[in-house]
Structures are given as C-alpha cells and as structure tokens.
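S.K.: Below: one structure in structure tokens.
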Amino acid sequence: MNHFPEHQLFNPGKNGSIEVICGSMFSGKTEELIRRMKRAQFAKQTVEIFKPAMETRYSEEKIVSHDQNAIPCTPVEHSGNILLLSSGREVVGIDEAQFFDEGLPSICNQLANQGIRVIVAGLDMDYRGNPFGPMPALCAIADDVTKVHAICVECGQLAGYSRRLVHNNKLVLLGEREEYQPLCRNCFFKNKLV
C-alpha cells in the first residue's frame, strides 16, 4: 500500500529535497531554520515560511527563536494550506512541525517532488519522551536530518529530551523556560522515576 501517492507527481527536471531539523526544546531548531531561510533569501530564491496558526508565543506572523531572531511567516491551520500557498516558491520552511496534522509528510513529499527545497523544524519527542506527531514520518522521508541538542540543565551533557515542569497532561502545551527544561537521557529517565 502506497501511503504517498504524490510520487506520481514527480518532476524530474527540478531537484527538490526535504531537510528536517529536530531536537528537544531549547536546542536551536528554529534558529537553524531561520538561518537556512535567510541564506536562501540572500541567494535571491523565492521563499515562503509557515507555522501552525496556534503557535503565537512570540508573534502571530513571525517565526521567532528563543534568542529573539525572527523572520516573517504565514500561519496556517492545516498542512493542506501549505501546498496551496507554496505556488511559485523555490524554498519552503515549516516550523513547529510536530503540531501539524499527519498529512504534513505527504505535503512535504509533494513539494519536494515538484522541485522545491523543503526545510522542516520540530520537536522529535513530546514531554513524555515519545515520538511527536508527524515528525517520525518526516525523518523517514527526509533527504537530510539534522538532530540538534540543547544542554542538560542538571548535568551539562547534551540534551535530547524536554521535561515539562508544570502539571498538565495535555499533549500540546506551548511554553518556555518556565514550563520546560532540556535534559539528557539519563537525567530525563532518572527524573521520570521519581
């Protein structure tokens, strides 16, 4: 069974790709996405950047890193909107991919098969340490995956996990340093057992 029928839309004349930037909270995912998108703009490529409409922590119409680096974006409710709004673009950026619906990998495949460079950033694991949303499928179909790390606030090792500091069982809880902190594997599971 082919889950990605968009392979039939392949355009052999253009060289599209999917790049995934993943990691924990405070690992620099958005910073790296912004850096790559600004380089594409500097190269005079046509770009469009998207984020989930629900993501309004710093700005409604910008992607903003924790270091306050920013770039304008288009907020969308559903991954299907990305396909509609990407017409004529050479590079498409998508931030907070974990919050999108399960259709996002198919959309990214369609864009890449049309010759578009797609750069996706998102949390690879939720606060429980489980794969998050469409991120596992995106990593599987990506041409390149960059895993970035924060620093564990307890021991100083590389951190790949995001510990939630507030009591809330909702899977999606937008937050900052007051709500989350990065931990290494050992500290994450040690704290989980307490």
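S.K.: For the pair S87 and K147, what calculated FRET efficiency results from E = 1/(1 + (r/R0)^6), where r is the Cβ-Cβ distance and R0 = 30 Å, to the nearest 0.05?
M.R.: Efficiency at R0 = 30 Å is approximately 0.45.
S.K.: Convert each backbone phi in the stretch 31-48 into a coupling constant with the Karplus relation 6.51 cos²θ - 1.76 cosθ + 1.60 (shift: θ = phi - 60°), then list the ³J(HN,Hα) values in order as whole Hz, x for Gly and Pro.
M.R.: Result, rounded to whole Hz: 4, 5, 4, 4, 4, 5, 5, 5, 5, 5, 5, 4, 7, 6, 8, 7, 10, 9.
S.K.: Under 5 Å between amide H atoms, partner at least 5 residues away or on a different chain: which partners does I94 have, H built in plane at 1.01 Å?
M.R.: Those lying under 5 Å, H to H, from I94 are F50, I119, V120, A121.
S.K.: Nearest-5 percent of antiparallel DSSP beta bridges in the stretch 5-149?
M.R.: Around 15 percent of the beta bridges assigned by DSSP in the stretch 5-149 are antiparallel ones.
S.K.: What FRET efficiency do you get for N69 and C155 if R0 is 25 Å and r is their Cβ-Cβ distance, rounded to the nearest 0.05?
M.R.: 0.35
Any read-out appearing in this document is the output of simple, stated calculations on the displayed coordinates, not a laboratory observation. The structure displayed is predicted, hence computed values, not measured ones. No Cβ is skipped: glycine too gets one built from the backbone with ideal geometry, and neighbour counts run over all protein chains shown.
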